[in-house]
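Participant: One structure, as structure tokens, below. Some questions next.
The values are calculated or read from the model by the stated rules, or taken from the named source; none is laboratory data. Since the structure is predicted, the reported quantities are computational estimates derived from the model, not experimental observations. Here the Cβ positions follow ideal geometry from the backbone for every residue, glycine too, while neighbour counts run over all protein chains shown. In case anyone asks, the SASA skips ligands and DNA or RNA and just uses the protein heavy atoms, side chains included. Shrake-Rupley method; radii C 1.70, N 1.55, O 1.52, S 1.80 Å.
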Amino acid sequence: MADFDLGLVWFRRDLRVADHAALYHALTRCRRVLCAFVFDREILAPLPKNDRRVPFIHASAVELDQALRDAGGSLIVRHGAPLEEIPSLARECGAQAVFANRDYEPSAKARDVAVAERLAGAGVAFFTFKDQTIFDHDNVLTGAGKPYTVFTPYKRNWLATLTPDTLKPYASEDALSALAKPPSRVKHVIPSLDALGFSARHAPALPAGTSGALSLFDDFRDRMSDYQRTRDFPAVKGPSYLGVHLRHGTISIRALARSAHDAQRHGNRGAETWLSELVWRDFYFSVLHHFPQVGVPGDHRAFKPEYDRIKWETGDAADAHFAAWCEGRTGYPLVDAAMRQINQSGYMHNRLRMVVASFLTKDLGIDWRRGEAYFETLLNDFELSSNNGGWQWAASSGCDAQPYFRIFNPVTQSEKFDPKGKFIRHYVPEVAALSDKDIHAPWRARPDALAAAKIALGADYPLPIVDHETARKTTLARYDVVKGARNER
Ligand SMILES: Cc1cc2nc3c(=O)[nH]c(=O)nc-3n(C[C@H](O)[C@H](O)[C@H](O)COP(=O)(O)OP(=O)(O)OC[C@H]3O[C@@H](n4cnc5c(N)ncnc54)[C@H](O)[C@@H]3O)c2cc1C
């Protein structure tokens, strides 16, 4: 016998039908199940009209609605405040329980506490489930029951904790017969993008929905064994490009980890490395949960508090440097190509995220929080935990971060990871005619080589806005305050 007559599944960042924890639990515990999604007015309001993520989410919601309709249900979509919409929908439909997958961002956790209270006040139960990660934050702890702050032992324990059950799919798609249609008085037409205040002209560069995720994964599966060899070269199709799908849950993390884990057990080194990246994702979720000070809205703190003593560059010159960095005109072609990639597509290759983050913090001396915030506005796969983790890794203030004295040389990185300048040529056509050798540092090219490539530095393409060697020394001095702070302890 069912526990509830009517349950409501609240979809958030889990826009799929297959292997969905909350949907599975609702379908197996309720006689009838309705499904809902809320476009959060407060989140959407500050976004620019041409934000790429909203069309992606919209298209994914449309696809999810179709999948639910095919099985006898539908997706009720609202545009408003979840704190109002979910309890009122539960009331309108007569649901006795709401089911959702856990969300780990501080603002989402606060929202869920408020929604749970409001529902409880109305006598409606609220159940949440682990779905977004392989392990919840308290599943992988040190022997002393503390959270890990170093990745390698975390990963070792993560792998040791894994059992076949951990990666087992929830058979939600096999239990859809309990899906129901909302009562006719409940409006359930998906608002158009225009009605939400966004432009359909900025369709997602990546195919949306579960169909989009599966086509990317099909394409990647064959390349997984090469991942370890190819993943650092931005001109090569090495990574999976699945980040945006993991962000919005159009594919199950369990399915991806299972595939990598199986391949790894058969000696596939590429799969082993890729699985490690999925573990990094869990690791940063755990860090954000246990050390929420790193992601307090509007006040992100350094994981290592002494790093908040660093005096970052401010003022007009720093603002001008920041603008040049954002717009891809620093005079360092690999940095500029990377920034143009994120500006044009909402994606940036992982190696380049490390390079540009290091350049901003350690060549320009600008606070990592400004770069973190810039990425947040643009990344299709923006994830507070990983973005914060990545930025603090590069700035050396994070847990298990790059030591502060390790400073990427943007020219050497370019020569090593884009040796033929293929990636640079794509995004920085101004320097495309330079040789494979000169393209990494145009200011070092001989005048006749520049003339042959028809480049007047300072006019056609900027001279470097800082000298790396000088900046390196300034950074080491800037970070001295950290050494001092550590010695005091
Ligand atoms: C400064 C900086 C900012 C970053 N911001 C984000 C972010 O906002 N969102 C985000 O998902 N990742 C972020 N990353 C991590 C990484 O760059 C992206 O996950 C990856 O580039 C996404 O591309 P992909 O899906 O093709 O990755 P793949 O290489 O195919 O990896 C598969 C998945 O593993 C996870 N993953 C891979 N690398 C990492 C990592 N270093 N840390 C955590 N998870 C990882 C992601 O979910 C990724 O989609 C950031 C890294 C840095 C250095």
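Participant: Tell me which residues, restricted to the stretch 91-121, are open to solvent by less than 40 Å² (accessible area, probe 1.4 Å) and touching a Phe, Trp or Tyr at 6+ places or on another chain (Cβ under 9 Å).
Facilitator: Within the stretch 91-121, Ala95, Ala97, Val98, Phe99, Ala100, Asn101, Tyr104, Asp112, Val115, Ala116, Leu119 meet the criteria.
Participant: I'd like the full set of residues that are over 16 Å from Arg102 (Cα atoms) and outside any strand (DSSP E or B), limited to the stretch 18-40.
Facilitator: Across the stretch 18-40, the qualifying residues are Ala18, Leu27, Thr28, Arg29.
Participant: When the residues of the stretch 389-406 are narrowed to those that are more than 8 Å from the ligand (Cβ to nearest atom) and crowded, with 21+ Cβ neighbours inside 10 Å, which ends up farthest from Ala213 (Cα to Cα)?
Facilitator: The first filter runs over the stretch 389-406 and keeps only residues more than 8 Å from the ligand (Cβ to nearest atom), leaving 392, 395-406.
Those left that are additionally crowded, with 21+ Cβ neighbours inside 10 Å: 392, 395-399, 404.
On the way: Gln392: 29, Ala395: 32, Ser396: 33, Ser397: 34, Gly398: 31, Cys399: 31, Tyr404: 37 Å.
Among those residues, the one meeting the criterion is Tyr404.
Participant: So, one more: Tell me the helices (runs of 4 or more DSSP H) entirely within the stretch 219-305 that contain at least 1 residues that are more than 23 Å from Arg156 (Cα to Cα) and open to solvent by less than 10 Å² (accessible area, probe 1.4 Å). Reasoning before the result, please.
Facilitator: Values: elements: 227-230, 243-248, 253-265, 269-290.
Hits in the stretch 219-305: 243-248.
Participant: Kindly indicate which of Pro239, Pro292, Pro305, Pro234 is in contact (Cβ under 8 Å) with a residue 40 or more places away in the chain, away from the ligand (no atom under 16 Å from the Cβ) and not basic (Lys, Arg).
Facilitator: Working: Pro239 fails: away from the ligand (no atom under 16 Å from the Cβ); Pro305 fails: in contact (Cβ under 8 Å) with a residue 40 or more places away in the chain; Pro234 fails: away from the ligand (no atom under 16 Å from the Cβ).
Within the list Pro239, Pro292, Pro305, Pro234, the selection yields Pro292.
Participant: Among the numbered conditions (1) part of a loop (DSSP other than H, G, I, E, B); (2) more than 12 Å from the ligand (Cβ to nearest atom), tell me where Thr412 comes up short.
Facilitator: Of the numbered conditions (1) part of a loop (DSSP other than H, G, I, E, B); (2) more than 12 Å from the ligand (Cβ to nearest atom), the odd one out for Thr412 is (1).
Participant: Can I ask one more? In the stretch 460-478, how many residues are under 10 Å from Gly365 (Cβ atoms) and not aliphatic (A, V, I, L, M)?
Facilitator: Number satisfying all stated conditions: 3.
Participant: Checking the structure you have, find out if any residue of the stretch 320-329 is within 11 Å of the ligand (Cβ to nearest atom), open to solvent by 10 Å² or more (accessible area, probe 1.4 Å) and in a helix (DSSP H, G or I).
Facilitator: So far as the stretch 320-329 goes, no, none of its residues is within 11 Å of the ligand (Cβ to nearest atom), open to solvent by 10 Å² or more (accessible area, probe 1.4 Å) and in a helix (DSSP H, G or I).
Participant: Among the numbered criteria (1) surrounded by fewer than 18 Cβ atoms within 10 Å (Cβ to Cβ); (2) of a type in the set (A, V, I, L, M); (3) touching a helix residue (DSSP H, G or I) at 6+ places or on another chain (Cβ under 6 Å), which single criterion is violated by Val124?
Facilitator: It fails just one condition, (1).
Participant: Hey, another quick one. Can you give me the number of residues within the stretch 445-486 that are over 30 Å from Ser396 (Cα atoms) and open to solvent by 20 Å² or more (accessible area, probe 1.4 Å)?
Facilitator: From the stretch 445-486, those over 30 Å from Ser396 (Cα atoms) are 445-461; that's our starting set.
Restricting the remaining residues to those that are open to solvent by 20 Å² or more (accessible area, probe 1.4 Å) gives 446-452, 454, 456-460.
Residues flagged as over 30 Å from Ser396 (Cα atoms) and open to solvent by 20 Å² or more (accessible area, probe 1.4 Å) within the stretch 445-486 amount to 13.
Participant: Among the listed residues Ala171, Ala213, which satisfies the condition of being surrounded by 17 or more Cβ atoms within 10 Å (Cβ to Cβ), hydrophobic (A, V, I, L, M, F, W, C) and not assigned by TED's automatic domain parsing to the domain that holds Leu352?
Facilitator: Numbers: Ala171 fails: surrounded by 17 or more Cβ atoms within 10 Å (Cβ to Cβ).
The match here is Ala213.
Participant: Moving on to the next point. Against the condition crowded, with 19+ Cβ neighbours inside 10 Å and either modelled with pLDDT under 95 or within 22 Å of the chain's Cα centre (by Cα) (or both), how does Tyr154 come out, does it pass? Show your work before the answer.
Facilitator: On the way: crowded, with 19+ Cβ neighbours inside 10 Å: yes; either modelled with pLDDT under 95 or within 22 Å of the chain's Cα centre (by Cα) (or both): yes.
So Tyr154 passes the test.
Participant: Here's something else I'd like to know. If only one of Ser211, Ser225, Ser172, Ser199 is of a type outside the set (Phe, Trp, Tyr), over 29 Å from Val54 (Cα atoms) and in contact (Cβ under 8 Å) with a residue 24 or more places away in the chain, which one is it?
Facilitator: Numbers: Ser211 fails: over 29 Å from Val54 (Cα atoms); Ser172 fails: over 29 Å from Val54 (Cα atoms); Ser199 fails: over 29 Å from Val54 (Cα atoms).
Exactly one residue qualifies, and that residue is Ser225.
Participant: Next up: Regarding Met348, is this residue within 12 Å of the ligand (Cβ to nearest atom) and either within 19 Å of Thr470 (Cβ to Cβ) or open to solvent by less than 10 Å² (accessible area, probe 1.4 Å) (or both)?
Facilitator: Values: within 12 Å of the ligand (Cβ to nearest atom): yes; either within 19 Å of Thr470 (Cβ to Cβ) or open to solvent by less than 10 Å² (accessible area, probe 1.4 Å) (or both): yes.
In short, yes.
Participant: What residue, among those in the stretch 391-400 that are touching a residue at least 40 places away in the same chain (Cβ under 8 Å) and within 25 Å of Asp336 (Cβ to Cβ), is farthest from the chain's Cα centre (by Cα)? Working first, answer last.
Facilitator: Taking the stretch 391-400 and keeping what is touching a residue at least 40 places away in the same chain (Cβ under 8 Å), we get 392, 394-400.
Retained after the next criterion (residues that are within 25 Å of Asp336 (Cβ to Cβ)): 392, 394-396.
On the way: Gln392: 15, Ala394: 16, Ala395: 18, Ser396: 20 Å.
Restricting to residues being touching a residue at least 40 places away in the same chain (Cβ under 8 Å) and within 25 Å of Asp336 (Cβ to Cβ), the top hit is Ser396.
Participant: May I pose another question? Name the single residue that is farthest from Val244 (Cα to Cα) among those in the stretch 330-345 being open to solvent by less than 10 Å² (accessible area, probe 1.4 Å), more than 16 Å from the ligand (Cβ to nearest atom) and part of a helix (DSSP H, G or I).
Facilitator: By that ranking, first place goes to Pro333.
Participant: Which residue pairs have Cβ atoms closer than 7 Å, lie 6 or more positions apart in sequence or on different chains, and pair a first residue in the stretch 32-45 that is open to solvent by 10 Å² or more (accessible area, probe 1.4 Å) with a second residue that is of a type outside the set (Asp, Glu) and in a helix (DSSP H, G or I)?
Facilitator: Pairs found: Arg32/Ala178; Phe37/Ala61; Val38/Pro82; Val38/Ile86; Asp40/Pro82; Leu44/Val54; Leu44/Leu196.
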